[in-house]
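First the structure, in the form of structure tokens, and then the observations on it.
Please treat every number below as a calculation from the coordinates, not as lab data. The structure displayed is predicted, hence computed values, not measured ones. Methodologically, a virtual Cβ is constructed for each residue, glycine included, from the backbone with ideal geometry; neighbour enumeration extends over all protein chains shown.
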Amino acid sequence: MKKCLIIMAIIFSCCMFFSCSSDVPKSNEFIMLSISNDTNGQIRQSFHFTLGSEKLRSNGMTNLEIENVKKELIKNVTLFRDEFYLSFIIAYNTNPNPNYKIGQELLISMPSYIEASDTIGFTLIFSSIETWNYYHPSTGGESGNPEVGFMIKTSSEGAFPFAAKIGEITVGERYKEAYTKAVETVANKNIEYDPDFVYDYATPLSVIKSDSEYKINNNLHHHIWMRKLNEYKENDKITIYTLQANRGLWYITILFIVIAGLGLTLLIFKLQDRKRH
């Protein structure tokens, strides 16, 4: 029950971004991955798929058929959930650590339908950043050299999550196929489906910046990338960076200004003194 409530809260809040926010355009068809680094130290990773009941209905599908599409999509999404679960079991068995047990420090909900947002999704909850790192060991991702000036910019470039390859197709294509197959299995018809692929990274740290298309501040700082299939194939990278003041350079500059100011003041005094004599 607790897990279902968590899913409902996360999905509802995410859907509010698209329906109510002036910063993010409304989207009725989307597949969304969200990662939230909460202020309490937990990390929540969620996947959401819109069902699109109204669109299915407008294409002549009955309520019973829509219900069956929902069941098929839940079944397809469950396969994705089980793949995550299996990969974490393998990771744990490879390097067992009782501090990071699945079911205690890592919770994985079952996919479910949320009527309020007409979405299907599941959530993973990591108890801490240490738990996250345990199940996502660093692979030495691409990091750019810091840009040094009055501000030090340290950036990290990675792949747009949906652009990652699984065999010959991308993750986004595979997720899209999960939806179209659910519809075709029930209605044996091809309904046009062109979802927005959305990646929402939320952090309490304002120092973290990004090249995301949209940004929202709602208790957390949300960096939101939203792209179509053809867009992310052409632009498959995202960048996150931090900006910090270069204190050494600022101190030197301030010291130079102070010294220059004192020198100028002394020069003025000397010139005035010569005029008096």
_Mean projected area in nm² (Cα convex hull; one quarter of hull surface) for the range 75-134_ = 4.6 nm²
*Please report how far the C-alpha centroid of the range 51-88 lies from that of the range 106-136, rounded to the nearest whole angstrom.*
18 Å
*To the nearest 0.05, what FRET efficiency results for Lys189 and Leu229 with a Förster distance of 25 Å applied to their C-beta separation?*
0.75
*Simple spin-label model, 7 Å along Cα-to-Cβ: Glu115 to Leu205 in nm?*
4.2 nm
*Sorted by mean Cβ packing within 10 Å, highest first, what order do the peptides 91-98, 165-172, 64-71 take?*
64-71, 165-172, 91-98
*Are any of the pairs Lys71/Lys209; Lys189/Lys215; Lys55/Lys237; Lys75/Lys237; Lys70/Lys228; Lys75/Lys215 more than 29 Å apart by Cα-Cα distance, and if so, which?*
Lys71/Lys209; Lys189/Lys215; Lys55/Lys237; Lys75/Lys237; Lys75/Lys215
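Assuming R0 = 35 Å, what is the FRET efficiency of Lys237 and Asn99, from their Cβ-Cβ distance, to the nearest 0.05?
Working: r = 34 Å, r/R0 = 0.98.
Here the calculated transfer efficiency is 0.55.
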*Segment Asn40-Ser27, length gained on full extension (0.36 nm per residue, minus Cα span)*: 1.7 nm
